[in-house]
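In what follows, a structure is listed as structure tokens, so that the remarks can point back to it.
The values are calculated or read from the model by the stated rules, or taken from the named source; none is laboratory data. These figures come from a predicted structure and were not determined experimentally. Cβ placement follows ideal geometry from the backbone for every residue including glycine, while neighbour counts extend to all protein chains displayed. Accessible surface areas use protein heavy atoms only, side chains included; no ligands, DNA or RNA. Shrake-Rupley method; radii C 1.70, N 1.55, O 1.52, S 1.80 Å.
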Amino acid sequence: MGSHNSPLKLPVIDFSNPDLKPGTPNWDSLKAQVRQALEEYGCFEALFNKVQLELRKELLGEIEELFDLPLQTKLRNVSKKPYHGYLGQYPWLPLYESMGIDDANIPEKVENVANIFWPEGKQSFCNTIQSFSEQVAELDQIIRRMVLESLGVEKYLNEHMESTNYLLRVMKYEGPLTTDTKLGLTAHRDKSIVTILYQNEVEGLEVKTQDGEWINFTPSPDSFVVMIGDSLLLNPCNSTRSIDFAGWTNGRLHSPLHRVMMTGNKARYTAGLFSIPKAGYRIEAPEELVDEEHPLLFKPFDHVQFLRSTIPRPVRKSSLL
Ligand SMILES: O=C(O)CCC(=O)C(=O)O
Ligand SMILES: [Fe+2]
């Protein structure tokens, strides 16, 4: 792309209009912006003030308290699904720790997880996690609806929505206590359908453009980051790239490589709501999206099996998954 006078920035899309409804001019204008941003960057900054600032602040407070628990307690966050339980204590990723809450939009599921950490219960954690997840899930559904409409395959909308559930992953990256930049999270593509991130004020997220340049994301209390999932890792379908939303759209959308780089003293806290295909659901591009110009790129695949196949050997050996 050559030289830039101003630093690269993610596109910003404003979903704050309380009357946003399918079929309205505002909806159609946002739909065009979403499609363009996802084709070009696979990612954008979303403003969505339906999730009140107070709730966003409470969420960050609850996450901080969760990570302050003793390691032995945090290790009780286990899951049969890879990448859904406690992750951390990796020698090659010393700043990173994360935990997962499956079905975080469903009150009973959140309570079950809270009871693992606090056997006496913790209502503020349950209420905050569940309300935040439920409200951010609305944004996930708006975006997925806009994508399907813009591809002309909205007839699959119900099947598409019903075939997924939500995982809330919370992340902590310690400040490295240096002015050098240290790796917080290795560059990767997400394996979700859509990922929506919310974070505290500490910078660190970087998203790679298709031209190979890294965009440093500058967070604000109002910004969410939306990106779509794909993966370049080992793939049961034997193709060089796959999957999920980029897979489902048969390669029409781009899923971005991203990483976290840390500097300074402050810890970075993030919450990511991931919409993911239910276990056993086979992901297959709709026939409408396969034509001469877009031959079928991906064989149908099962998401959980795919996740298993992507676990790097050192992680598998560490028995944290
Ligand atoms: O912490 C972040 O902002 C990014 C986290 C991330 O990329 C992930 O969990 O997949
Ligand atoms: Fe990610």
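Mind giving me the nanometre distance, one decimal, between the label points for Leu177 and Asn17, set 7 Å out from Cα along Cα→Cβ? For Leu177 paired with Asn17, the spin-label model returns 5.1 nm. What FRET efficiency do you get for Leu71 and Asn265 if R0 is 25 Å and r is their Cβ-Cβ distance, rounded to the nearest 0.05? Efficiency computed from Cβ-Cβ geometry: 0.70.
Length available on full extension from Lys57 to Ala187: 0.36 nm per residue minus the Cα-Cα distance, which gives 44.0 nm.
Of the whole protein surface, Trp214 contributes about 70 Å² of accessible area at a 1.4 Å probe radius. Of the GluC sites (Glu not before Pro) found in the stretch 101-145, those that fall in a DSSP loop while having at most 14 other beta-carbon atoms within 10 Å are Glu120.
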